[in-house]
Each structure stands twice: as structure tokens, then as C-alpha cells.
1. (1) assigned to a loop (DSSP other than H, G, I, E, B); (2) closer than 27 Å to Ala75 by Cα: which one isn't true of His273, the others all being true?
2. If a residue must be in a helix (DSSP H, G or I) and either assigned by TED's automatic domain parsing to the domain that holds Leu159 or crowded, with 22+ Cβ neighbours inside 10 Å (or both), how many such residues does region 294-308 contain?
3. Assess whether Leu79 counts as being farther than 25 Å from Pro29 by Cα, surrounded by fewer than 23 Cβ atoms within 10 Å (Cβ to Cβ), out of contact with any strand residue (DSSP E or B) (no Cβ under 9 Å at 6 or more places or on another chain) and in contact (Cβ under 8 Å) with a residue 40 or more places away in the chain.
4. Go through region 126-140 and count every residue that is within 17 Å of Leu54 (Cα to Cα) and hydroxyl-bearing (Ser, Thr, Tyr).
5. I need the strands (runs of 3 or more DSSP E) fully contained in region 151-261, keeping only those with at least 3 residues that are under 27 Å from Thr16 (Cα atoms).
6. Identify, please: which residue in region 137-153 is in contact (Cβ under 8 Å) with a residue 40 or more places away in the chain and within 17 Å of the chain's Cα centre (by Cα) and is, among those, surrounded by the most Cβ atoms within 10 Å (Cβ to Cβ)?
7. Scan region 276-293 residue by residue and report those that are aliphatic (A, V, I, L, M) and either in contact (Cβ under 8 Å) with a residue 60 or more places away in the chain or not in a loop (DSSP other than H, G, I, E, B) (or both).
8. Among the residues that make up region 58-76, is at least one of them part of a loop (DSSP other than H, G, I, E, B), within 21 Å of the chain's Cα centre (by Cα) and touching a residue at least 60 places away in the same chain (Cβ under 8 Å)?
Amino acid sequence: MYQARKHIYIAYTGGTIGMMTSAKGGLTPQPGMLEDKLRSLPEFTRKDMPEFTLHEYPTLLDSSDMSPQHWGIIAADILANYAKYDGFVVLHGTDTMAYTASALSFMLPDLGKPVIVTGSQIPLTALRSDGHDNLLNALYLAAYHPCAEVGLFFNHKLLRGNRSTKVNTSGFDAFDSPNCEPLFRVGIDVEPVLPALRSLHAMQPEWQPVQNRAVAIMTLYPGMDFSLAQHLLEQDLDGLILQTFGAGNAPQQPEFLAALERACERDIVAVNHTQCLRGSVNMGGYAGGNALRDCGLVSAVDMTLEATLTKLHVLLSRPGDKKSVAAMARRQMEKPLCGELTE
């Protein structure tokens, strides 16, 4: 029985995968080049591969220039084309790829179709490019092994988008998911590892808008000048992510703790996030963590920094006065919304 080929929408936002070496020697985006290159590669147009439509964004971005505004543009693009395609692939630079994958998961929380973010360390036009396999497999998985969530595909693994983080600047194994198994491993066989969050469905997903909120990230270190921390905490912030030691501990310096408590009383949502790559925050284990809980901080549990930041942005973008939004965000930060933390 004849079965129509799946049709995948590619949102090309920029990144290394579509760059070429300029006359001055650096890598720069080349408008129009990527689609021409893909159409010239026979493996991308085989009958057992899905059809694809590539939408090249008017301004191709280095991912270092990504912002919440751009996350909104990508999410809106997916929604505008949702009914027309079987799945979506987002081509993106690697530096902030995990931030965008995380943001999309919170902005489109009840997806019924796959969204896979991918890119490369070497441009597609260059010798030994990893972009070829990353894009080919992302298209194949979106069509024939679809997961109803946002994933990040890199180096033979499909990771849950909001569990991914960049761990290598120069290797093909650029991304990992430290506290969560991959969704799929791709070798000789396509091996499912982690069950999908939800079943596939064709209903239009809800839209959770995001705005650029005043969220600060403060990393603790031995010998820190806490007058600098106090100055930051006196600013007009909406949220704070405190990068703590170990299982969520901080120095028990009275002036610092008092400044944190005053910030929480001003409805700044302060989140305790461990500097460790693996493991979880436990504010009940040590006095240094207990003190932060007493100040009003909530736990990031075992979320990545990328997921913590983007989740906080999305929650703080919900309508309401600052006090009610802050109270809601504090409750939701410690709860799994779309697989981003371990219960």
C-alpha cells in the first residue's frame, strides 16, 4: 500500500552548519547556500528519506546573538506551520543551542509533533563536516521515530532538549545530558532509550510567550567580595540564579544572607542551582543549603543552567502583578513541566 512520504519543515536560523570561509578567512553565513548544497546531495532526496522544506531566516544569526526575542520568533514560526508538516528541524549555532532547545520546550509545552534542534561543529561544505550526519539523522528521526517533544540531536544521540548542555568546544560530542538518558542512540540501529513525554497528536499546541526579563546569574567562588553581590541584589531584578557549591551550599556570611532575604522579600525569584554538572540540589543536607532555603530560595533540583534560565524567563513572562507571578514561579520552578527535572 502506498504511503505518502513524511514532510519536515527546516527552520534555518544560522550557525556553523551553513557557513563558508570568507575572503578574509573567517566563517560567515552564506545566504542561499545551504539549500543548494542539500539538494545536491542524493542521500537527502532519496525516496526513503522525508521530503523537506527549508525556510532560511532573513537574518542568519551567530547563536551568541540569540535572545528571548529570537526564541519567540522560532516558536511562532513552528506554530504558523504546525498543521502543514509532520515534524520540525531547527538549524542553530552550537554555542546557545541548548538554551533555545530548552526555551522551545517551555514555550510549546504540549507538542504533539517532533521538534529537533541540531547544527554542526564544522560547516556542511567543509571536509569531514559533522553537519551531514546530524541533519540527515535529525530529518530521519523526525519523520520515522517521532517524539512529541523538543529534542537536540548531535553526534548520534537525540537528547531531551531541556536536559542538554554544551560540554565540548571542539569535539563532535559537543552536547551531553548529564542527569537524563538520551531519547535515542543512533548507530547501526536506531535504539530508543527514554520513553517519550507524551503521545503524538495533531492538535495545535498552546503558546507560552516569553519576554526578556531581568534575570541575573551569580556564581559563588572562594574569597568572593560579597559587597559586589549585595550591589547586584539591590538592582531591579525579576529573577536570580545563584550558582552554588556542591549540593546547593553557600557561605554563611550574615550580610550576604540578609541581602538574599531582602531580595526574596522584594519578589525576586531566587533559584539555587549547583555548579556541579551531575547531581541535584539538596538544601536540607547542610547548614549552607538550609540557610538559603530560609532566605527564600527555591531549588533548581537537577536542571541544567540552560533549562533553569529559560524556564524562569517563561514563567516570569506570564501575566499578573509581580507578587502573584513571583509566587507562581517559585512553585513551578521545583515541579517538572516537560521533563526538565527529576521528581
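1. (1)
2. Residues that pass the stated criteria total 3.
3. For Leu79, the condition - farther than 25 Å from Pro29 by Cα, surrounded by fewer than 23 Cβ atoms within 10 Å (Cβ to Cβ), out of contact with any strand residue (DSSP E or B) (no Cβ under 9 Å at 6 or more places or on another chain) and in contact (Cβ under 8 Å) with a residue 40 or more places away in the chain - is met.
4. 1
5. The qualifying strands (runs of 3 or more DSSP E) are 157-160, 184-186.
6. It comes out as Leu152.
7. Hits for region 276-293 are Leu277, Ala287, Ala291, Leu292.
8. Looking for residues that are part of a loop (DSSP other than H, G, I, E, B), within 21 Å of the chain's Cα centre (by Cα) and touching a residue at least 60 places away in the same chain (Cβ under 8 Å), one finds at least one in region 58-76, hence yes.
The values are calculated or read from the model by the stated rules, or taken from the named source; none is laboratory data. These numbers come from a predicted model, not from an experiment. Note that each Cβ is placed from the backbone with ideal geometry, even for glycine, and that neighbours are counted across all protein chains shown.
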